[in-house]
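Below is one structure, written out as structure tokens, with a few remarks after it.
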Amino acid sequence: MNYTFFDVETANRKNDTICSIGLIETDGEKILNSFSTLINPECDFDERNIKIHEITPDMVSNCPTLKMIWPELEPYFNDHIVCGHNIIYDIRVLEKHLSFYRISIPKFQYICTMKLAKTIDSIESSSLHDLCQKFNISLINHNALSDAKASFELFKILRDQYHCELLPLNVESRPQYSRTSSFSTRK
């Protein structure tokens, strides 16, 4: 079984656009492929988000849009179990951004490392930052590829040392979101 660990950074507080994505494909033991890119979200940025991830509108102005790179990314979601830390957030942001282009998110199963960590009594905090410190996992916080890799390392620890039950949940393609003013497209 192959897994895709992914993470996104968002352009604004609406959480419906991606300005950076990082993903790794694994067989559950080692990294098989990795992908990371800045994305032109075709919307306004919030200062708060820029302070978190340090990605600015100028940095993405000449980058591809999600629509342009989706054909390259989609195979990492088909027939893979999608994983990450608080992964449902990333899945929903991806779903919303794809729907802007009238692209449906594929059906797949997912595993959330945050939910797994919360099942362990001896773990006090389920934040990725705190867990990476606890388990000595390298992390560049709010760097999409680093977050994806850290989630993979955490996944292996939770599976192998804590024997967490890895029961994937289903994500079904839902009706597309309507095009609303939540996107303030640059002209």
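Over the chain, dividing the summed -39,500 (n - 2.57) contributions of all DSSP H runs of at least 4 residues by the number of residues returns a 222 nm mean residue ellipticity of -9500 deg cm²/dmol. Calculated accessible area for the chain comes out at 50 Å² per residue, all protein chains present (probe 1.4 Å; ligands, DNA, RNA ignored).
Among beta bridges from DSSP that stay inside segment 10-165, the antiparallel ones total about 65%. Segment 40-77 and segment 93-119 have Cα centres spaced 17 Å apart.
Counting only protein heavy atoms and a probe of 1.4 Å, the accessible surface of segment 37-148 is 47% carbon and sulfur. Taking all protein chains as shown and a probe of 1.4 angstrom, C132 keeps an accessible surface of around 10 Å². In the structure displayed, which of K118/K156; K14/K67; K51/K149; K96/K134; K107/K149 lie more than 25 Å apart, Cα to Cα? Pairs exceeding 25 Å: K96/K134. Note on Q109 and S125: their simple-model spin labels are 3.2 nm apart, each label 7 Å out from Cα toward Cβ. Charged neighbours of D79, selected by a Cβ distance under 14 Å, balance to -2 (K, R count +1; D, E count -1).
Using a 1.4 angstrom probe with every protein chain in place, what is the largest-first accessible-area order of D27, D147?
Working: D27 55, D147 10 Å².
Result, largest first: D27, D147.
In this structure the amide hydrogen of T17, modeled in the peptide plane, comes within under 5 Å of the amide hydrogens of A11, N12, none closer than 5 places in sequence on its chain.
The values are calculated or read from the model by the stated rules, or taken from the named source; none is laboratory data. Keep in mind it's a predicted model, so treat the numbers as computed, not measured. Every residue, glycine as well, gets a Cβ built from its backbone with ideal geometry; the counts of neighbours run over all protein chains shown. Side chains are part of the model used for accessible areas, which takes the heavy atoms of the whole protein and leaves out ligands, DNA and RNA. Shrake-Rupley method; radii C 1.70, N 1.55, O 1.52, S 1.80 Å.
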